[in-house]
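Enquirer: Below you'll find the structure I mean.
The values are calculated or read from the model by the stated rules, or taken from the named source; none is laboratory data. The structure presented is a predicted model; accordingly, all values stated were derived computationally and were not measured. Here the Cβ positions follow ideal geometry from the backbone for every residue, glycine too, while neighbour counts run over all protein chains shown. These area figures cover heavy atoms from the full protein model, side chains too; ligands, DNA and RNA do not enter into them. Shrake-Rupley method; radii C 1.70, N 1.55, O 1.52, S 1.80 Å.
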Amino acid sequence: MIESLKSLVIRIADLGGPVVLLLIVLSVLTLAVVLYKLWQFQAAGVGRHKALRLAVEAWDQGDRGTAAGELAHSKSYLKPVIALAFTGRCDAGRLEAEAETRFARLESGFRFLDSVAQLSPLLGLFGTVLGMISAFQALQDAGSQVDPSILAGGIWVALLTTAVGLAVAMPTSLILSWFESRMEAERVLAEKCIRSALSPSGGQAAALRAADGAPAHA
């Protein structure tokens, strides 16, 4: 197993050079980060806030008992933030800061993915330039007995690094965009839930009805 892996690495190095090896290492690290982020999103319940939504809706309508029951069943990572909002002891700024702390943990690794998406094509281009330099040096060393296959083979190997760089960058960029869109939706949901918990429309309406009805009973 180790010998076969070693021979594969040597073959890749001979074919594409150290730049291709570096890109392969980056692709392995990127895959590891993506798998970890998928597991983290799944464990945190990203996108799965049904009980939390029901709790906030009940709270917004003034049904405190149902809201507390639904919140107790929620497995959302935003549950502590909304529970704190229900107490009424924190303002919107504090609650949003608590939510951002949780968002920051979920967004860890995004910068690495962004760096890979931006640097991989540049590394591929760098490998291509190095390969073209080697190809023309070989052509020069051939002197008057120029073999077109020397130049063609060198160019083919050089362009391989660009292809590998693009192959690493494109899926990384797509996956990062998907992660970022999910987190943007999470921020919108958190802001809506916090505002609804702090300013429940149902509770305000009930208070107004009580105030209007008080003089009539007197």
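Enquirer: List, please: which pairs have Cβ atoms under 9 Å, are six or more places apart or on different chains, and start with a residue in the stretch 158-182 that is under 16 Å from Leu113 (Cα atoms) and end with one that is not in a helix (DSSP H, G or I)?
Expert: That search, which allows pairs on different chains as well, returns Phe179/Glu107; Phe179/Gly109; Glu180/Glu107; Arg182/Val46; Arg182/Gly47.
Enquirer: Hey, can you tell me all the residues within the stretch 53-96 that are open to solvent by 50 Å² or more (accessible area, probe 1.4 Å) and within 17 Å of Ala185 (Cα to Cα)?
Expert: Of everything in the stretch 53-96, those that are open to solvent by 50 Å² or more (accessible area, probe 1.4 Å) and within 17 Å of Ala185 (Cα to Cα) turn out to be Arg53, Lys79, Glu96.
Enquirer: Just wondering, is there one or more residues in the stretch 156-165 that are open to solvent by 20 Å² or more (accessible area, probe 1.4 Å), modelled with pLDDT under 85 and not in a helix (DSSP H, G or I)?
Expert: Looking through the stretch 156-165, none of the residues is open to solvent by 20 Å² or more (accessible area, probe 1.4 Å), modelled with pLDDT under 85 and not in a helix (DSSP H, G or I).
Enquirer: I'd like to verify a number: residues in the stretch 101-114 that are surrounded by 14 or more Cβ atoms within 10 Å (Cβ to Cβ) and either more than 20 Å from the chain's Cα centre (by Cα) or not in a loop (DSSP other than H, G, I, E, B) (or both), how many?
Expert: Qualifying residue count for the region: 7.
Enquirer: A further question on this structure: Give me the pairs: first residue in the stretch 72-98 and without any contact (Cβ under 8 Å) to a residue 24 or more places away in the chain, second residue among the small types (Gly, Ala, Ser) and not in a loop (DSSP other than H, G, I, E, B), beta-carbon distance under 7 Å, and six or more apart or on different chains, which are they?
Expert: Close Cβ pairs satisfying both conditions: His73/Ala51.
Enquirer: Also: Looking at (1) open to solvent by 50 Å² or more (accessible area, probe 1.4 Å); (2) free of Cβ contacts under 8 Å to residues at least 40 places away in the same chain; (3) hydrophobic (A, V, I, L, M, F, W, C), which is the only condition Leu125 fails?
Expert: (2)
Enquirer: Let me ask another. With the checklist (1) under 31 Å from the mean Cα position of the chain (by Cα); (2) in contact (Cβ under 8 Å) with a residue 24 or more places away in the chain in hand, flag the one item Gln61 doesn't pass.
Expert: (1)
Enquirer: Okay, next question. Of the conditions (1) surrounded by 11 or more Cβ atoms within 10 Å (Cβ to Cβ); (2) modelled with pLDDT of 90 or more, Leu130 clears all except one; give me its number.
Expert: All conditions pass for Leu130, except number (2).
Enquirer: Looking at Asp114, Asp147, which is the one that is modelled with pLDDT of 75 or more and either of a type in the set (Asp, Glu) or more than 30 Å from Val34 (Cα to Cα) (or both)?
Expert: Asp114
Enquirer: Quick check on Lys37: is it touching a residue at least 12 places away in the same chain (Cβ under 8 Å), open to solvent by 40 Å² or more (accessible area, probe 1.4 Å) and not acidic (Asp, Glu)?
Expert: In short, no.
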